[in-house]
Every structure is written in C-alpha cells, then in structure tokens.
Amino acid sequence: MYSAKVMDHFANPRNVGEIENADGVGEVGNPKCGDIMKMFLKIDNNVITDVKFKTFGCGAAIATSSIATEMIKGKTIDEALKLTNKAVVEALDGLPPVKLHCSVLAEQAVKAALADYYRRQGVDPEPIVGKLE
Ligand code: FES
C-alpha cells in the first residue's frame, strides 16, 4: 500500500523538532481527520536555512511533512512557495488516494509558515502566499 520512501520517511522522519526563535511558524490541521502539522522556518536573506516540523497525525502526514522539509531546506522563499502537494506525492513515489489530503496538509504547513514570516515583516502575505484555508 505504501512506497518504500513513505515507509522510510515515516520510520525515520527528517528535521523533526522545533526551532527556537524561528522566523516563521505555521500550524495547519485537517478538521476531518484531526491531524495537525506545525512547521518552523529559519530564513536568512530570502533563503530557508533551517526547517523543522512537528506532526500529530497519521504516518502519511509524518512522511509528507518530513519530505517537504527536505524539499525546501536551502531553497529560496520563491522556490518554497512553488512546492505543491503533487510534488510532495511524487517525491514519495505516490500515496494511496485516501491519503492525498495528508500531502495537502504538508503544502499548507509550509505556506502557513511563510505567511507568518511575511506577517512578522509587516507584509500582508495573502497576495504572495495566497489564501490559506
Ligand atoms: Fe489526515 Fe493523514 S489522515 S493527515
């Protein structure tokens, strides 16, 4: 049912934890399953220099948040904003259809953290990050 990559990121999630004095923190949840994802970003000169996450959720939610952190670490904000849930699913070699919403949560967690970053700079995030559910 799950790819080897999903199992790997579930069993050995990368970048778990919190960042003290993070530049952006985003928390999102799915009201249907009750899962919650929290993403912490350290941003320097428009580059995401560090990222950590905490996920209270299913195995796929842990795997998608883990790989999402790998996909944005060291990238510019612009590149991170282009991260789609589809790219997350592809990087994991697929997810079962009932678990696709877990990858949406990962994309939203990254965007929520970036929105928080902009808010802290006194910038309205909506035109840049888009509307978050
Ligand atoms: Fe809801 Fe996975 S079941 S995030």
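The values are calculated or read from the model by the stated rules, or taken from the named source; none is laboratory data. Since this is a predicted model, take the numbers as computed values, not measurements. Here the Cβ is made from the backbone with ideal geometry for all residues, glycine too, and neighbour counts use every protein chain on show. Side chains included, ligands, DNA and RNA excluded: accessible areas come from the protein's heavy atoms. Shrake-Rupley method; radii C 1.70, N 1.55, O 1.52, S 1.80 Å.
Of note:
- Ligands, DNA and RNA left out, the 1.4 Å accessible surface of the chain is 51% carbon and sulfur atoms.
- Summing charges over all other residues whose Cβ lies under 12 Å from the Cβ of G59, with Lys and Arg as +1 and Asp and Glu as -1, gives -1.
- In the context of the full set of protein chains, the chain has a per residue accessible area of 52 Å² (1.4 Å probe).
- Highest-first arrangement of 36-42, 95-101, where packing means the average Cβ count within 10 Å: 36-42, 95-101
- Eigen-decomposition of the gyration tensor built on the alpha-carbon atoms of the range 1-112 gives equivalent ellipsoid semi-axes of 21, 14, 12 angstrom, largest listed first.
- Tensor-based shape of the range 89-133 (alpha-carbon gyration tensor, a/c under 1.5 rounded, otherwise prolate or oblate): prolate
- Cβ-based net charge around E126, under 12 Å, with every Lys or Arg adding one and every Asp or Glu removing one: +2
- Reduced Cα scattering model of the range 20-66, Debye log10 I(q)/I(0), q = 0.20, 0.33 Å⁻¹: -0.66, -1.16
- Relative contact order %, the chain, counting alpha carbon pairs below 8 Å whose residues are six or more apart: 29 percent
- Anchor K99: aspartates and glutamates whose Cα lies under 16 Å away (excluding residues fewer than 8 positions away in-chain): D35, E90, E107
- Around I19: net Lys/Arg minus Asp/Glu count, Cβ-Cβ under 15 Å: 0
- Inter-label distance, A11 to C33: 2.0 nm, where each label sits 7 Å from its Cα along the C-beta direction.
- Subset of K42/K73; K5/K86; K54/K131; K5/K32 violating a 19 Å alpha-carbon distance limit: K54/K131; K5/K32
- Listed residue (N30, Q121, V47) projecting farthest to the positive dipole end of the chain, Cβ model: N30
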